[in-house]
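**Student:** The structure under discussion is supplied below as structure tokens; questions concerning it will follow.
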Amino acid sequence: MTKQEIYDFLNAKNIEYEITGHKAVFSMDEICDVVLPHPECDAKNLFVRDDKKREYFLITVT
């Protein structure tokens, strides 16, 4: 899915979401330099895929 297709899916299902863009960070030290709108709520994201690069998953832990 493209980014727009994901937004369209969320909207069609009436799922509320908020978009916050920032530079990529690879450690907790780097996140200290990023200003986020909800600093009390942090999350970890992990992107995984199958060996054939056909299925991709986003795992988020808050």
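**Student:** Could you give me the residue pairs with C-beta distances under 9 Å whose first residue belongs to the stretch 42-57 and is acidic (Asp, Glu), whose second residue is surrounded by 10 or more Cβ atoms within 10 Å (Cβ to Cβ) and at pLDDT 85 or above wherever it lies, and which are 6+ apart or on separate chains?
**Tutor:** Asp50/Tyr56; Glu55/Arg49
**Student:** Can I ask one more? Is at least one residue of the stretch 22-31 among the charged types (D, E, K, R), loosely packed, with under 10 Cβ neighbours inside 10 Å and part of a helix (DSSP H, G or I)?
**Tutor:** yes
**Student:** Would you point out the residue of the stretch 1-21, among those that are among the hydroxyl-bearing types (Ser, Thr, Tyr) and loosely packed, with under 10 Cβ neighbours inside 10 Å, that is farthest from Val61 (Cα to Cα)?
**Tutor:** It comes out as Thr2.
**Student:** Going through the stretch 36-52 one residue at a time, which ones are more than 21 Å from Ile19 (Cα to Cα) and not in a loop (DSSP other than H, G, I, E, B)?
**Tutor:** Scanning the stretch 36-52 gives Val48, Arg49.
**Student:** What pairs can you find where one residue is in the stretch 6-22 and closer than 15 Å to Cys41 by Cβ and basic (Lys, Arg), the other is open to solvent by 80 Å² or more (accessible area, probe 1.4 Å) and assigned to a loop (DSSP other than H, G, I, E, B), and their Cβ atoms are less than 9 Å apart, with a gap of 6+ or different chains?
**Tutor:** none
The values are calculated or read from the model by the stated rules, or taken from the named source; none is laboratory data. None of the values given here were measured: they were computed from a predicted structure. Using ideal geometry, Cβ is built from the backbone for each residue, glycine included, and neighbour counts are taken over all protein chains shown. SASA here: full protein model, heavy atoms, side chains in, ligands and nucleic acids out. Shrake-Rupley method; radii C 1.70, N 1.55, O 1.52, S 1.80 Å.
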